[in-house]
Amino acid sequence: MTRALALVAILLAASFAGCAEPAPAAPAAQRPVEIAADRPAPGFAEVATGAAAPPDLGATTAAPPELVPGEWWRIRFRSPFFEPTPDLVRVVADVTSEGYLVGMPHERWSKEAIAYHAPAFGDIGFDLSYAVHNVRFEPLRFPLVEGASWTTTFGGTDYVATVEAADAHAATVRFEATPSQPDPLDPLYAALSPVEGFGSMRLVYDARQHEVVRFESGIGTWEVVEHGYGFEGWVTVPRGIHVAIDHGQFLAHTPGGPLVARAAQVEGGFNRLTLLHGIFSLGAGAYRIRSVAPDGAEFVTEAVHTGPGLTVRFHEAADPDGTWTLEDVVAGAGGTYTMGMAYHQYDVRLPDGLRRSDHSHPVVR
């Protein structure tokens with residue numbers, strides 16, 4: 001059953017891996033805090049990023065890029081599992097002693113993007129590594145040389161990364177999941193894996209754009225369509241992203257009924273949480289996920305499937321620390337999955353770097 005739940009999680013850009021120790025609280029702001037009266041109105045509008053930059057011909061695959069505050073990328077994400085997503089804009093909001101802090105323009109905040117796991121938001125290392133399900137994912141290892149190989153983990157699955165091709169400015173890296181023991185549920189994996197090569201991933205890194213410019217996996221593909229510098233305005237950042245809720249229910253096993261209820265604890269001083277609900281079925285069935293926040297707010301996803309299907313919904317909660325109540329109703333051959341990614345959300349204004357601590361970014365979609 002554990003492997004079946006793992007597949008459900010992978011299908012939903014996550015994995016049914018046990019949570020690591022709670023992430024430490026984000027460092028205190030090192031710059032003055034400003035609570036501005038001119039914060040933009042909530043919305044999901046086009047973002048004026050400025051002109052795209054020409055390729056940086058001085059950057060190579062021999063060493064990690066040197067990112068600067070205000071550097072940005074416009075990214076197009078497409079997935080067979082998720083509804084069409086507007087282009088994402090990633091912005092370097094700050095450079096710290098440990099790496100980069102990457103967020104989204106305030107008026108283009110997307111709670112869904114936090115759960116995709118790639119591209120990365122929040123705390124990113126100088127080598128462009130970052131935490132996925134509380135474990136460091138190493139997409140690149142410099143220098144990038146053809147034939148080089150290393151092991152890494154993405155969403156609870158171990159991978160062997162191999163540089164398939166590399167020159168002075170670009171490299172292609174393939175990730176193959178490490179072999180696992182045969183399991184009686186392997187046919188279920190095959191039934192729920194509509195994408196060829198589901199267990200593998202591939203990325204293209206372009207040093208001239210300072211980033212991974214294309215990433216392919218079983219959950220979707222994204223690519224950079226523009227890259228530039230000098231972004232101005234408020235950038236919303238999610239610090240210390242921590243998978244605090246990671247729960248799935250495959251088939252009903254509660255005596256006397258299909259309802260399964262349990263409690264989950266979220267702690268770490270977080271002020272925002274992206275909640276993903278996923279329902280999958282192999283046949284006819286009725287399903288319901290209900291997540292109740294410590295303040296009593298309820299987030300519910302329901303689906304009635306007449307055959308194989310997948311339903312994914314995203315929710316967003318403020319001040320998530322405390323005890324959550326998780327309820328799953330599985331009445332059919334299928335299952336449910338809930339992932340809660342908690343983080344410290346605040347805004348950084350570029351180019352002066354002032355921060356506002358009111359954390360009142362609204363749910364815009």
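We did not get these values from a lab; they are worked out from the coordinates using the rules stated. All values derive from a computational prediction rather than experimental measurement. Positions of Cβ are backbone-derived with ideal geometry, glycine not excepted, and every protein chain shown enters the neighbour counts.
Between residue 331 and residue 53, with labels modelled 7 Å along Cα→Cβ, what's the label distance in nm to one decimal, could you check?
That separation, rounded to one decimal, is 5.7 nm.
Give me 266, 145, 135 ranked fewest to most by other Cβ atoms within 10 Å of their Cβ, as a rough exposure proxy.
The order, fewest Cβ neighbours first, is 145, 135, 266.
Take residue 168 and residue 232, extend 7 Å from each Cα along the Cα→Cβ direction, and tell me the distance between the two endpoints in nm.
So the label points at residue 168 and residue 232 sit 3.6 nm apart.
Within 10 Å of each candidate Cβ there may be at most 15 other Cβ atoms; applying that plus a DSSP loop requirement, which GluC sites (Glu not before Pro) in the stretch 86-157 survive?
98, 146
Given the stretch 239-356 reduced to its alpha-carbon atoms as identical point scatterers, what log10 I(q)/I(0) does the Debye formula return at q = 0.13, 0.18, 0.21 Å⁻¹?
Result of the Debye calculation: -0.54, -0.86, -1.07.
Work out the FRET efficiency for residue 295 and residue 63 from their Cβ-Cβ distance, taking R0 = 51 Å, and round it to the nearest 0.05.
Between residue 295 and residue 63 the formula returns 0.60.
Which peptide among 339-349, 85-95 comes first, and what is the full order, when sorted by highest mean count of other Cβ atoms within 10 Å?
Top to bottom by mean Cβ count within 10 Å: 339-349, 85-95.
How would you order 301-311, 239-249, 124-134, 224-234 from highest to lowest mean count of nearby Cβ atoms within 10 Å?
239-249, 124-134, 224-234, 301-311
Would you mind checking which residues have amide H under 5 Å from residue 226's amide H? H placed 1.01 Å from N; only 5 or more apart, or other chain.
74
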